[in-house]
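The values are calculated or read from the model by the stated rules, or taken from the named source; none is laboratory data. Computed from a predicted model, the values in this text were never measured in an experiment. Using ideal geometry, Cβ is built from the backbone for each residue, glycine included, and neighbour counts are taken over all protein chains shown.
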Amino acid sequence: MMKKSVLAVIAAVGLTSCLKESVDSDTTRLGKEQEKIMEEYVIANGLTAKKEAFYDLGGNYYPIYTMINTKGDTVTRYTQNQAIWVAYTIRTLENRVVETKTAADSVLLYEGGKTYSGKINGLSVLSAGILGNGGKGRFLIPSTIGYGANPPGGVEYNAVLMVDVEVLGRLSESEQIAFYIKRNNFKATQVTDSGLMFSKLTTTTDSVAKGPTVKVKYKGKFANGVVFDENSTGASFQLSGVVPGFSEAIKLMRKGEKATAILPSKIAYGENGGGRMPVYMPLIFDIEVLDSY
């Protein structure tokens, strides 16, 4: 019997379980085709699995077979301002390991799915919407939340995947910053009253970059290391036109200097994410000041 659970919106595709009729979009048709593949695999391998039906906000259908060891802490609901720390293994149905991450080398996932983690949307769906903190299980997922039409080498086009997931933790903003600091051996040379954590990597005796216009090279990253914006040749802009933490970091630098700055969300894009990223997201910038005028 197909189980239809009630879930919140949990990924970039907006997956939610609801009692809607599926629509015959390309995504839905592929989901129905792959549901048969998954069902045959479960029967052939004698697995005990629950078939669950999920729909996105557009009514597209996503079948997922769940084999849960433990749901984990489902009392405390996942919230969008958390990052999810997971260990996982992704396999093909032929049992070929495509990717595996342990606690030591895994990345943080976000509610926004692939856009913010660099990983398949299915990992966010499973770890944010099905498993609680400490949860662990195995899942069969359709290609529409897997690698889809752009698989890595050795994986078939639109392949059904088997995914083992363990949710190691749900990290608040401060915990995400601590995660980045530990993983990257970040050592702050200055912490300001605003909460900006600043590490100057090179020094010069040139003039201070006061602006109002500066030219900089930069790379903007999330705490999991995923790059969301960069300019490697030099971009010119007014300091009044950027987020407060970025402007503050540049004003601590001289022309020719390089630094890394950690911006808490209150001096970045804040509580609404600026419409371009998860809410309350801390940001990390690698900066090189080329000129100030």
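Given the conditions (1) modelled with pLDDT under 90; (2) surrounded by fewer than 22 Cβ atoms within 10 Å (Cβ to Cβ); (3) not hydrophobic (A, V, I, L, M, F, W, C), which single one is not true for residue 117?
(2)
For segment 79-113, enumerate the residues that are of a type in the set (Ser, Thr, Tyr) and within 15 Å of the chain's Cα centre (by Cα).
Scanning segment 79-113 gives 79, 88, 106, 110.
Here are some residues: 84, 130, 64, 90. Which one is at pLDDT below 95, closer than 28 Å to residue 43 by Cα and crowded, with 20+ Cβ neighbours inside 10 Å?
Answer to the selection: 130.
Looking at the structure I just gave you, is residue 134 more than 12 Å from the chain's Cα centre (by Cα), under 17 Å from residue 167 (Cα atoms), among the small types (Gly, Ala, Ser) and assigned by TED's automatic domain parsing to the domain that holds residue 32?
It is true that residue 134 is more than 12 Å from the chain's Cα centre (by Cα), under 17 Å from residue 167 (Cα atoms), among the small types (Gly, Ala, Ser) and assigned by TED's automatic domain parsing to the domain that holds residue 32.
Residue 195 is checked against (1) in contact with an Asp or Glu (Cβ under 9 Å, 6 or more places away or on another chain); (2) surrounded by 12 or more Cβ atoms within 10 Å (Cβ to Cβ); (3) not in a strand (DSSP E or B) and fails just one. What number does that condition carry?
(1)
Could you look through segment 242-278, keep only residues that are hydroxyl-bearing (Ser, Thr, Tyr) and under 20 Å from residue 225 (Cβ atoms), and pick out the one that is surrounded by the most Cβ atoms within 10 Å (Cβ to Cβ)?
Among residues in segment 242-278 that are hydroxyl-bearing (Ser, Thr, Tyr) and under 20 Å from residue 225 (Cβ atoms), the one surrounded by the most Cβ atoms within 10 Å (Cβ to Cβ) is 265.
Right, residue 154: closer than 30 Å to residue 35 by Cα, in contact with a helix residue (DSSP H, G or I) (Cβ under 8 Å, 6 or more places away or on another chain) and not hydrophobic (A, V, I, L, M, F, W, C) or not?
So residue 154 fails the test.
Could you identify the single residue in 230, 166 that is touching a residue at least 60 places away in the same chain (Cβ under 8 Å) and either assigned to a strand (DSSP E or B) or hydroxyl-bearing (Ser, Thr, Tyr) (or both)?
It is 166.
Can you confirm whether residue 59 is among the small types (Gly, Ala, Ser), more than 21 Å from residue 166 (Cβ to Cβ) and at pLDDT 95 or above?
So residue 59 does not fit the description; no.
Restricting to segment 232-276, give me the number of residues that are under 25 Å from the mean Cα position of the chain (by Cα) and more than 20 Å from residue 199 (Cα to Cα).
Selection size over segment 232-276: 8.
Given 268, 235, which one is under 17 Å from residue 288 (Cβ atoms), in the same structural domain as residue 196 (by TED's automatic domain parsing) and at pLDDT 95 or above?
235
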